[in-house]
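The values are calculated or read from the model by the stated rules, or taken from the named source; none is laboratory data. What you are looking at is a predicted structure, and each value in this text was computed from that prediction instead of being measured. As a convention, Cβ positions derive from the backbone with ideal geometry for all residues, glycine included, and neighbour counts pool all protein chains shown.
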Amino acid sequence: MIHRRALLASVAAAGAAVATSRMRAALPLSGGPVILSTWDHGIPANVAAMEALRSGGTALDAAERGVMVTEADVTNRSVGLTGYPDRDGIVTLDACIMDGDGRAGSVCFVQGIKHPVSLARKVMENTPHVMMVGKGAEQYARELGIEQLPNVLPDDVQKAWENWKKESRYQPVINIENHDTIGLLVLDANGRLAGACTTSGLAWKMHGRVGDSPIIGAGLYVDNEVGGATCTGVGEYVLRTLASFLAVERMRMGDTPQQACEEAIRRIKARHADVRNVQVGILALDTHGRHGAASIHDGFTFALHKDGKNQLRKA
């Protein structure tokens, strides 16, 4: 039998540990803000996010502004309106945003929205909901005065879709941007976290398919007490393991961000018999400003903005 005095001491110690964690998350960082994002397109996204912080914006502002750069990049084929379409030739978009205090917003299967991440933020801040989908989300965008653009494919995308239709067979290609979401994590100078994730999804997906990017806990998860994580790659593999939530919980248990990322990838590989043609990458950032990165295969790149330097690295 546990002695009452020992039990009370144990409870008090646990409470003190939680309080210490919360205090640590609120302490200013000696090294300044840290921004972490997926793939090569993370470099310009990081620049915009840092500019938002320097102009007085919050971590949430920075996360939104950062991925908006990628959403608006007309050369990008995996994010935004110029991404590759589904099997019916329609571009559908998914996005989410999350604050370290637990608030989150998400939209998925929306068409014609230039910045779905901003619509996701409106869902978070202006509605009682976390997620809105399809025509309902588009209707809400129109009510907000957000213009819905027609589904017009760039010439090279139209040609690629027509070529794909000749065989109508989806075959993932490792580290080629047909599924390369941008996920971005921000830790501001006051130790507050936020993140955003946005994509046009898998090229040639079935109409109506939604991946991990807009799903809180799969494509993105952020907690001011611990840290944040975001994923990229083939979303079905992330959805089956809730890899971002898993990584954050591993950090809560004491793992470093790198250890947490490696455990998330190990879990994905353990749950799937064959990952030879599948890439998933994951990034993690803790409240101390430490980061981690891991992937199933070599070639996953990420951008790290820290100590005044914005650098492209490999996991």
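On the stretch given as the stretch 254-277, residues that are in contact with a Gly (Cβ under 7 Å, 6 or more places away or on another chain) and either assigned to a loop (DSSP other than H, G, I, E, B) or within 30 Å of residue 206 (Cα to Cα) (or both) total 2.
Could you go through the stretch 72-81 and let me know if any residue there is on the phi > 0 side of the Ramachandran plot and modelled with pLDDT of 95 or more. Among the residues of the stretch 72-81, at least one is on the phi > 0 side of the Ramachandran plot and modelled with pLDDT of 95 or more, which makes the answer yes.
Let's see how each residue does on (1) touching a residue at least 12 places away in the same chain (Cβ under 8 Å); (2) closer than 19 Å to residue 216 by Cβ; (3) of a type in the set (Val, Ile, Thr):
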| residue | (1), (2), (3) |
| --- | --- |
| 39 | yes, no, no |
| 43 | yes, no, yes |
| 55 | no, no, no |
| 63 | yes, yes, no |
| 97 | yes, yes, yes |
| 107 | yes, yes, yes |
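Among the residues of the stretch 53-108, just one is farther than 26 Å from residue 305 by Cα, in a loop (DSSP other than H, G, I, E, B) and in contact with an Asp or Glu (Cβ under 7 Å, 6 or more places away or on another chain), namely 92.
Just the residues that are touching a helix residue (DSSP H, G or I) at 6+ places or on another chain (Cβ under 7 Å) and more than 24 Å from residue 129 (Cα to Cα), please, taken from the stretch 203-226.
Applying the first criterion (touching a helix residue (DSSP H, G or I) at 6+ places or on another chain (Cβ under 7 Å)) to the stretch 203-226 yields 204, 211-213, 215, 217-221, 223-226.
Of everything in the stretch 203-226, those that are touching a helix residue (DSSP H, G or I) at 6+ places or on another chain (Cβ under 7 Å) and more than 24 Å from residue 129 (Cα to Cα) turn out to be 204, 226.
Might you let me know whether the stretch 131-142 holds any residue that is touching a Ser or Thr at 6+ places or on another chain (Cβ under 8 Å) and under 23 Å from residue 185 (Cα atoms)?
Within the stretch 131-142, the subset touching a Ser or Thr at 6+ places or on another chain (Cβ under 8 Å) is 131-132, 140.
Applying the additional criterion that residues be under 23 Å from residue 185 (Cα atoms) yields 131-132.
Yes, the stretch 131-142 contains a residue that is touching a Ser or Thr at 6+ places or on another chain (Cβ under 8 Å) and under 23 Å from residue 185 (Cα atoms).
Would you check if there is a residue in the stretch 232-253 being assigned to a loop (DSSP other than H, G, I, E, B) and small (Gly, Ala, Ser)?
Step one: of the stretch 232-253, the residues assigned to a loop (DSSP other than H, G, I, E, B) are 234, 240-242, 253.
Going one step further and asking which of them are small (Gly, Ala, Ser), we end up with none.
No.
For the stretch 267-302, filtering for residues that are farther than 24 Å from residue 225 by Cβ and free of Cβ contacts under 8 Å to residues at least 40 places away in the same chain leaves 10.
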